[in-house]
Amino acid sequence: KAGVTQTPRYLIKTRGQQVTLSCSPISGHRSVSWYQQTPGQGLQFLFEYFSETQRNKGNFPGRFSGRQFSNSRSEMNVSTLELGDSALYLCASQRRLDAYNEQFFGPGTRLTVL
Amino acid sequence: AQSVSQHNHHVILSEAASLELGCNYSYGGTVNLFWYVQYPGQHLQLLLKYFSGDPLVKGIKGFEAEFIKSKFSFNLRKPSVQWSDTAEYFCAVALDYGGSQGNLIFGKGTKLSVKP
């Protein structure tokens with residue numbers, strides 16, 4: 001069974017630009033979460049989607065947004081990029097929302113903002 | 001706000017040494033607990049998880065963890081490490097909202113270097 005896939009794997013942008021990252025969950029998984037990983041802050045939760053609805057959101061500015069499609073694939077968008085947005089963006093999927101689920105992580109998209 | 005603390009930033013051990021990585025969380029309610037590992041160049045993988053029941057849980061590759069509710073701790077252990085255990089280890093907590101699971105809250109991670 002294929003794991004969580006993320007595209008692109010690497011991305012270089014300049015300040016002020018916007019970027020869209022994509023995540024395909026494991027087949028049958030309906031929940032997708034996004035995390036930002038940086039050396040200073042570690043892994044921080046961005047948002048979670050289930051059945052095309054944002055269920056939970058972390059403490060990030062409105063420049064960070066996301067969506068989920070009917071096939072459970074998800075995208076996240078960052079507008080007006082800042083240098084501090086350079087990070088590894090991880091996507092995780094889980095089958096259900098009940099309390100006995102584990103999240104499976106993708107390889108991440110490494111975003112560098114120059 | 002809820003938080004997860006991992007006490008050691010970097011641990012260096014020789015092969016065959018025993019390992020214990022500390023993890024404490026701050027939340028008084030029901031939690032689900034996880035340890036993830038990130039090997040160099042690879043994605044996060046689940047080592048073990050605790051949802052309920054026996055507080056001593058066994059995971060992959062000989063790892064185990066013990067949930068001590070009174071201490072809000074979930075320490076990771078391995079009796080004898082190998083060079084291949086060199087990786088970064090993350091403790092994570094998900095709040096249990098009466099049957100619905102919240103997002104993962106991660107500790108800052110502990111880098112483990114095992115000398116051959």
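Hey, what's the Kirkwood Rh for the stretch B:5-116 if you take every pair of different alpha carbons, in angstrom? Don't jump to the answer; show the numbers that get you there.
Working: mean 1/r = 0.0704 Å⁻¹.
One over the average 1/r among Cα pairs gives 14.2 Å for the stretch B:5-116.
For chain A, just the Cα set please: Rg and Dmax, both in angstrom.
13.4, 41
Once the Cβ-Cβ distance between A:PHE69 and B:LEU46 is put in as r, and R0 is 25 Å, what FRET efficiency do you end up with, to the nearest 0.05?
Values: r = 26 Å, r/R0 = 1.03.
The calculated FRET efficiency here is 0.45.
Grab the protein assembly as shown and count how many Lys pairs have their alpha-carbon atoms under 23 Å apart, sequence gap of 8 or more, or different chains.
Going through the protein assembly as shown pair by pair, I get 25.
Please order B:LEU56, A:LEU90, B:LEU48 by the number of other Cβ within 10 Å, starting at the fewest. Before the final figure, lay out each step's value.
Numbers: B:LEU56 11, A:LEU90 24, B:LEU48 20.
The fewest-first ordering by Cβ neighbours comes to B:LEU56, B:LEU48, A:LEU90.
Using a basic spin-label model with each label point 7 Å from the Cα along Cα→Cβ, how many nm lie between A:THR53 and A:ARG9?
Taking the simple label geometry, A:THR53 and A:ARG9 are separated by 3.7 nm.
For the stretch A:13-66, max minus min Cα coordinate along each principal axis, in Å, sorted largest first?
Taking max minus min along each principal axis of the Cα atoms, the stretch A:13-66 gives 36, 23, 19 Å.
What's the percent breakdown of Cα-Cα distances in the stretch B:52-116 across 5 Å bins, shortest bin first?
Each 5 Å bin holds this share of Cα pairs: 4, 14, 20, 25, 20, 10, 5, 2, 1, 0.
What would the Debye equation give as log₁₀ I(q)/I(0) for the protein assembly as shown at q = 0.07, 0.11, 0.17, 0.18 Å⁻¹, counting only Cα atoms as equal point scatterers?
Log10 I(q)/I(0), no solvent term: -0.22, -0.56, -1.26, -1.38.
Over chain B, with a Gaussian network built from C-alpha contacts below 10 Å, which listed residue (B:GLN38, B:GLN82, B:GLN101) shows the highest mean-square fluctuation?
The residue that fluctuates most here is B:GLN101.
Over chain A, with a Gaussian network built from C-alpha contacts below 10 Å, which listed residue (A:GLU52, A:GLU102, A:GLU82) shows the highest mean-square fluctuation?
The residue with the greatest mean-square fluctuation here is A:GLU102.
Most fluctuating residue of B:LYS58, B:LYS71, B:LYS49 in a GNM of chain B with Cα springs under 10 Å: which is it?
B:LYS71
Please give the FRET efficiency for B:ILE12 paired with B:ILE60, using the beta carbon to beta carbon distance and R0 = 25 Å, rounded to the nearest 0.05. The partial results should precede the final answer.
Numbers: r = 23 Å, r/R0 = 0.91.
Approximately 0.65, to the nearest 0.05.
Read the figures in this text as sums done on the coordinates, not as results from a lab. What you see is a predicted model; the values in this text were computed from it and never measured. Methodologically, a virtual Cβ is constructed for each residue, glycine included, from the backbone with ideal geometry; neighbour enumeration extends over all protein chains shown.
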